[in-house]
Each structure stands twice: as C-alpha cells, then as structure tokens.
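What follows is one structure encoded as structure tokens, with my remarks underneath.
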Amino acid sequence: MKRREFLKTVATSFAAVTFSGCEPLGRDNKKRPNIIVIIGDDMGYSDIGCYGCKDIPTPNIDSIARKGVRFTNAYVTAPGCSPSRAGIMTGRYQQRFGHYYNPGPPPLGLQGHVGLPITEITIADVLKSAGYTTGAVGKWHLGLTPHFHPLNRGFDEFYGFLHGKHSYTDPGLGSFNPIMRGTTPVDEKEYLTDAFTREATSFIKRHRTQPFFLLLAYNAPHTPLQAPKRFQNSFEHIKNPKRRTYAAMLAAVDEGIGKVLTMLQELELQQDTLLFFINDNGGWGEDNPRDGSLNKPLRGGKGSFFEGGIRVPFMVQWPSRLSSGRTFDLPVISLDILPTISAVTGAKLPSDRIIDGVNLIPFLSGKKDLPHQSLFWFGWGKYAIREGNWKLVNTDGNIKLFDLAADIAESHDLSAEHPDVVKHLAKAYEAWNKQMIDPVWSRSVPKPKPKESNKNVVESDTGLDIQSDVTYTIKVKAKSSVGSGSRITLYCWCGFSGKKDIITSADYALTSSMEEISISFDSDSYAGRRLIFGYKFTAPSSDTKFYMNENINVTHTKKQPGPDPSAR
Ligand code: CA
C-alpha cells in the first residue's frame, strides 16, 4: 500500500479498532491518552537512581518507575544514536530499511538518501492520522535534508536541531545545525536542556484540551560536556571532572523531566498520559572514559553489542491504567513503544510491512507471557542475539556466548562448553538476517582523490620502477622566505609523464627554517610501474621565495605486517 493510501485508511478505520490487554477506546478525546516519549542521549545504564546510581540524584526520573513500571531487561536496537532512534520511531528493526549508521555532517549528511527513509512510517505519522496533535522537541538525528525534517515526518511542531549533537550554550546560528523552530533558525539564549524543557511544557500547556503526542528528545548528557551554571558547584563530591560536569548535565535533564511531570499534574493530565522514558544507547562507560558515564555492572558502552551499549533504562507510567511500582524482567525492546502506543490510542499500525515490536500492555497486565522469543542486533561488522538468558555476540567472527542470568557482566564466555547453543543462535540469527537489506548509506563518504592539476607542479621521473610489497618514503627539505602562510604539496604518481595515475599527495605548512618533510605509500597496487615524484609551492604573496634542497631522498622498506586476523 502506498503511504498516502495508508494514511487515508488509518483516518477512516479508526473507530473499528479494538485492543488486547486494555479496553477499547472511543472517539471521545477525554478517554484517549496523551502520549509522551522522553529519550535520553548516551546516558550510562547505572547513572539513574532507580538503576543503581549513588552519586547523581535523579528523583524525577526515578518517580516514573515509582508511578509505573521499570524494565530491567530493556534494549535498544543499536548502540548508537540515529539507528536506535530509527527503530524507536518505526517499531521496526532499522536494518529492514537499511538505516545502519548516523547521518553524518555535510557533505554526507546533505545527500538526499541519508536519513530515515521516507517510505517509513513514524510514530508521529500514525498518531497524527488518528487525530493527535504531534510535537517534537530536541534532537532529531534522522536526516538533515528537508524531506527528512520532522515537519515532513508526521509532526505538527518542531523545536530542536537536526544533527546528532549540539552545543548547550551556542545556538549555532549560521552553522549547518542551528536550533530551529519549525524550519526557522532561532537565536536560543537559554541553556539548551532548559530550552527544551521550556518548549516541552509549553507544548503540553497549549495542547492540553486535545490528545497530543510529544517526543521530548533531550540531547543531554551527550557531549560536549557543558554544565548549566546553576549546577556547576553541585557535584563537588565527584572527583572525576568529566563526571562532575556530566552529573550537572544529567541534573538539568532530571529537573526538566520534573517540570514536565509537574505540568501534567497541574493540568490534571497525569492520570491519562502514557509516558515512556528510554535512553537511546549506553554511555561511553568506564572503559572509554570520554564523558564520565557509568554502565557497570554491564560490559562495554556506546558502540558495543555487549550489554553496556544496548541495554538501557526504560520505564513507563500511565497511572489510570497501569499499577505502579513494579519491575518487568523479561526482555523488551524500544521497538515495542510504537505498537503499545498504537494499541492504547486506536491509531492503526501500517499493515503492509512487518512491525517487530509488540504491544506491551497484555504482558504488563499478565495476560501474555513472553514479549519476544529472540532479540537481534546487527551492523558495524558484528552481530548479537539474545534468546532467553543466552546471548551470543559475534564480533568479526569472534564468537562469545553468555548466560545473562548468571553473568550480567558478560565476563564468562561459555561458547566452548555449549556449541549446540552457539549453533542454534547463529542459525536463528542467519534466518533473521536474511530479511534485512544492505545499508542505504555508508558511515562516511570516501575522501576525494587529490586533484591532479599540473599547474605550478614541478614533476620529476625518479627512474625507479616500483617494487612489490614495500613501503616507499620520499624525503625532501624545504623552507620559505616568510615565516607563515606558505605551503608545499608533495605528490607521488605512477606511470609516465603525461600519462600517470596519482598514488598519494601530502600537504605541509612551511616555515622560514629548512625542515624535512616526507610522503609515503605502500607499493602493492603500483608495483612494476615507474615512480614519478612532484611538488608544488603555494605562496601568500608574489614576492615569496622558496628554497628546496635538491637532494630528493627515495627509500623503501619491507612493508609492516598488518594485524594477524586470527588474533583479533
Ligand atoms: Ca546517543
């Protein structure tokens, strides 16, 4: 079914939908819950009080668990921002539509295919079609170009930024990634987390009389580490300066969520608002201390398929329908958010595609047993599968098997003891993987080859035929008559003058004293061809003079062996 047809069908078939696990809801707006999904960014698994944090108070986030259900085995679909969000927003493993990587900054990010494919249907599309007012506040990270903009993905309102991270203190006007209201860049003066809280509470207040969906995607505590002034001295008990700043950033998020919850209470909307909190992926964690986050007792962090990368804090509250203060210990995944929302609002899911998530309500009410037989992760040269308490992680062919019930830290590899389990899980993964497609875009655009302009390039045939399996290094000494602003570019070609192919080039700044510079390459692809060397000076002014020692030193050494594949 085409997208437009689907949306039309949703709009006309709403009243016929029934629910499992909770009562059917009528067209009466008062009975249709408001929906809020709050996403944290790169938060450590154990950086929230109800997940064991001791040094950073998070009373407001903790209150969601107290008033609702806290999941102890909850996952996202990727250990990185954008693919994880693609899963949340569609209820589908993002590998089904080739969304494996972050849309990078320009130039990659401005290519028209780099973003959540427009054939996908988002939570906002689904709810808007059912009559909800929809708003997104915060980080988007699902594409920079206009067709990927939130206002074209089901949202009525947007306040935030489109890329993957943002300064908390600089609005970035004039950059490719400004703060925007709708599609207009704005000069935001508040600390960014506070600005997002302000916009979120404003959205709730403005739309309190109608069913609404609010996506509140704080970018905190993702780097850059920038604390709000009012919390700068609040965490002096934390010795690690990165964690001290991180704690202050997290405090602002917690305070902001507190304001959202208070706003719901003041407007008497809390009882009938279904609110999820989830983190998009693990923090960098103890092993890669970039941000001061903690994932312990989980192994690994952001970027890893060990639990620290993909198991996240996840909780839901809906006081009028879900009993409070419970934990749910069976594996669930961020893909479940959309089907749950769909079931409780009557907004119909697309029927022309596989939705991987499940409606969690029947499981939370005890009417059903096991939300997922298996969960899968794939990409970046590795895969993982969890089935029951078994988890298999395959990193570039290096297979590890863990029993998560006995070993949440994934420290005891049981693959040698249970080859049958390894075989079964690998087979299950292969069957799943067959349904997935290749990446729609790669992690980065290849660097353009150096330009081969002959203008001002001095070229010399070295008379050397390139040998195989060695590394060539060419060294020269050069200086400029002025201390700064002069450059030299070195070139290596293979072939013949007038018909040659570039091997590599290197660019250096020159000073007023003679310095040695060099250029190297591995010979493999060029063996048997003539080595041609060249250089070009670039001057800050026409009267600049260059000096180069005529002694061009060409050496070759046996190529350094690469890493042993069997040792990885
Ligand atoms: Ca993230």
| query | Are any residues in region 64-112 more than 16 Å from the ligand (Cβ to nearest atom), surrounded by 24 or more Cβ atoms within 10 Å (Cβ to Cβ) and of a type in the set (Phe, Trp, Tyr), and if so, which ones? | reply | 71, 93
| said: Going by what's in this entry, would residue 57 be described as assigned to a loop (DSSP other than H, G, I, E, B) and over 24 Å from residue 297 (Cα atoms)? | reply: no
| said: For region 137-166, which positions are within 21 Å of residue 253 (Cα to Cα) and within 16 Å of the ligand (Cβ to nearest atom)? | reply: 138, 139, 140, 141, 160, 161, 162, 163, 164, 165, 166
| query | With respect to the numbered conditions (1) closer than 29 Å to residue 222 by Cα; (2) surrounded by fewer than 21 Cβ atoms within 10 Å (Cβ to Cβ); (3) of a type in the set (Gly, Ala, Ser); (4) touching a strand residue (DSSP E or B) at 6+ places or on another chain (Cβ under 8 Å), which one is the sole condition not fulfilled by residue 282? | reply | (2)
| task | Give region 343-363 a look and list any residue that's crowded, with 20+ Cβ neighbours inside 10 Å, touching a Lys or Arg at 6+ places or on another chain (Cβ under 7 Å) and assigned to a helix (DSSP H, G or I), or say none. | result | 345
| said: Residue pairs, Cβ under 9 Å, 6 or more apart or interchain, first in region 59-88 and under 15 Å from residue 357 (Cα atoms) and free of Cβ contacts under 8 Å to residues at least 40 places away in the same chain, second among the β-branched types (Val, Ile, Thr) and within 16 Å of the ligand (Cβ to nearest atom). List them. | reply: none
| said: Take residue 42 and tell me if it is away from the ligand (no atom under 13 Å from the Cβ) and within 19 Å of residue 254 (Cβ to Cβ). | reply: no
| said: So for region 394-410 (the condition being touching an Asp or Glu at 6+ places or on another chain (Cβ under 7 Å), free of Cβ contacts under 8 Å to residues at least 24 places away in the same chain and part of a loop (DSSP other than H, G, I, E, B)), does at least one residue qualify? | reply: no
| Which of (1) free of Cβ contacts under 8 Å to residues at least 40 places away in the same chain; (2) crowded, with 22+ Cβ neighbours inside 10 Å; (3) within 15 Å of the ligand (Cβ to nearest atom) is the odd one out, the single condition residue 308 does not satisfy? | (1)
| message | Filter region 315-333 down to the residues that are under 16 Å from residue 61 (Cβ atoms) and either modelled with pLDDT under 95 or part of a loop (DSSP other than H, G, I, E, B) (or both) and list them by number. | response | 324, 325
| field | Leading residue by the ranking (surrounded by the most Cβ atoms within 10 Å (Cβ to Cβ)) among those in region 161-185 that are of a type in the set (A, V, I, L, M, F, W, C) and in contact (Cβ under 8 Å) with a residue 24 or more places away in the chain | value | 161
| request: Write out, first by first residue and then by second, each pair whose Cβ atoms fall under 7 Å of each other, whose residues are 6+ apart or on separate chains, and whose first residue, in region 32-43, is on the phi > 0 side of the Ramachandran plot and in contact (Cβ under 8 Å) with a residue 12 or more places away in the chain while the second is within 16 Å of the ligand (Cβ to nearest atom) and hydroxyl-bearing (Ser, Thr, Tyr). | output: 42/293
| said: Suppose we filter region 169-223 for residues that are within 16 Å of the ligand (Cβ to nearest atom), of a type in the set (Gly, Ala, Ser) and out of contact with any Lys or Arg (no Cβ under 6 Å at 6 or more places or on another chain); how many remain? | reply: 1
| field | Qualifying positions in region 376-392 - in contact (Cβ under 8 Å) with a residue 60 or more places away in the chain and farther than 15 Å from residue 311 by Cβ | value | 378, 379, 380, 382, 383
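Can you tell which of 296, 302, 259 is buried (at least 24 other Cβ atoms within 10 Å of the Cβ) and either more than 15 Å from residue 37 (Cα to Cα) or away from the ligand (no atom under 16 Å from the Cβ) (or both)?
Going through 296, 302, 259 in turn, just one is buried (at least 24 other Cβ atoms within 10 Å of the Cβ) and either more than 15 Å from residue 37 (Cα to Cα) or away from the ligand (no atom under 16 Å from the Cβ) (or both): 302.
The values are calculated or read from the model by the stated rules, or taken from the named source; none is laboratory data. Remember, it's a predicted structure, so these values are computed and weren't measured experimentally. Heads up, the Cβs are rebuilt from the backbone with ideal geometry, glycines too, and the neighbour counts pull from every protein chain shown.
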